[in-house]
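Visitor: If you scroll down you'll find the structure; I have some questions about it.
The values are calculated or read from the model by the stated rules, or taken from the named source; none is laboratory data. Given the structure is predicted, the values throughout are model-derived calculations rather than measurements. We place every Cβ from the backbone using ideal geometry, glycine too, and count neighbours over all the protein chains shown.
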Ligand code: CA
């Protein structure tokens, strides 16, 4: 499995990876796994992809971390010494922890899968798994845009921080003007939904009515955002809905 993990990690397209130029912008990941070799292979693989990784090896430690720290995604082994993975997850969910969780399970039965999802898991992979598959699952749960930090919105590898007004794409800082940030934030808050030009005029430009000039200004800002946020990435997030407005969403490259 160690060999398989390393081999797959090396063949992945680096351009899609969240590079760790700025650790604050990397997806923060908790790995809960009691087998040291597996935990280290996962850590190396994910760090190589630009993730910021913390490893815990027991159910108690996982529960403590989940309820006291902030993560973008959790990889949770089910069979752990002491309190098992599902108990820890259920307890953390009851405490209001909403971090997306991908369960790593060796128990490939339908019953266990259903139990895992009931306990609050968002997805699962069955051991042994290909590292590429795990990465795809992680990206899918990150794409849903739910993080444990209410100030951080994340869509695919884009992170928009409302509190610090910082934006990163794939771990790299994106330098935006005040208006570009306001526009991106508005689209990110409505991710997946089409935002009309009328709404942008009202909410971002604080004007009461549309004009040709303002439409042109919006177009200029959208094209600058595309250049800064999407141009270097195979996955495009900013899309035009002809005759209506714009939408921020993940679409296959
Ligand atoms: Ca285990």
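Visitor: Search region 68-84 for residues being without any contact (Cβ under 8 Å) to a residue 60 or more places away in the chain and under 19 Å from the mean Cα position of the chain (by Cα), and hand back the single one that is farthest from the ligand (Cβ to nearest atom).
Guide: At the first step, the residues of region 68-84 found to be without any contact (Cβ under 8 Å) to a residue 60 or more places away in the chain are 68-69, 74, 76-84.
Checking which are under 19 Å from the mean Cα position of the chain (by Cα) leaves us with 69, 74, 76.
Working: 69: 21, 74: 15, 76: 10 Å.
That would be 69.
Visitor: Kindly indicate the residue of region 24-42 that is surrounded by 16 or more Cβ atoms within 10 Å (Cβ to Cβ) and closer than 26 Å to residue 174 by Cβ and also farthest from the ligand (Cβ to nearest atom) among those meeting that condition.
Guide: My answer is 25.
Visitor: Also: Out of everything in region 43-67 that is within 12 Å of the ligand (Cβ to nearest atom) and part of a helix (DSSP H, G or I), what residue ends up being nearest to residue 105 (Cα to Cα)?
Guide: Among residues in region 43-67 that are within 12 Å of the ligand (Cβ to nearest atom) and part of a helix (DSSP H, G or I), the one nearest to residue 105 (Cα to Cα) is 59.
Visitor: Applying the selection to region 78-93, what residues are over 23 Å from residue 153 (Cα atoms) and surrounded by fewer than 24 Cβ atoms within 10 Å (Cβ to Cβ)?
Guide: Selection gives 79, 80, 81, 82, 83, 84, 86, 87, 90, 91.
Visitor: Let me ask another. Of the conditions (1) buried (at least 23 other Cβ atoms within 10 Å of the Cβ); (2) in contact with a strand residue (DSSP E or B) (Cβ under 7 Å, 6 or more places away or on another chain), residue 49 fails just one. Which one is it?
Guide: (2)
Visitor: Out of 195, 201, 174, 167, which single residue is buried (at least 16 other Cβ atoms within 10 Å of the Cβ), at pLDDT 85 or above, within 15 Å of the chain's Cα centre (by Cα) and assigned by TED's automatic domain parsing to the domain that holds residue 230? Please lay out each step first, then the result.
Guide: On the way: 195 fails: within 15 Å of the chain's Cα centre (by Cα); 201 fails: within 15 Å of the chain's Cα centre (by Cα); 174 fails: within 15 Å of the chain's Cα centre (by Cα).
It is 167.
Visitor: Do we have residue 240 as more than 22 Å from residue 101 (Cα to Cα), in contact with a helix residue (DSSP H, G or I) (Cβ under 8 Å, 6 or more places away or on another chain) and part of a strand (DSSP E or B) here?
Guide: On the way: more than 22 Å from residue 101 (Cα to Cα): yes; in contact with a helix residue (DSSP H, G or I) (Cβ under 8 Å, 6 or more places away or on another chain): yes; part of a strand (DSSP E or B): yes.
Yes; evaluated as a whole, the condition is true for this residue.
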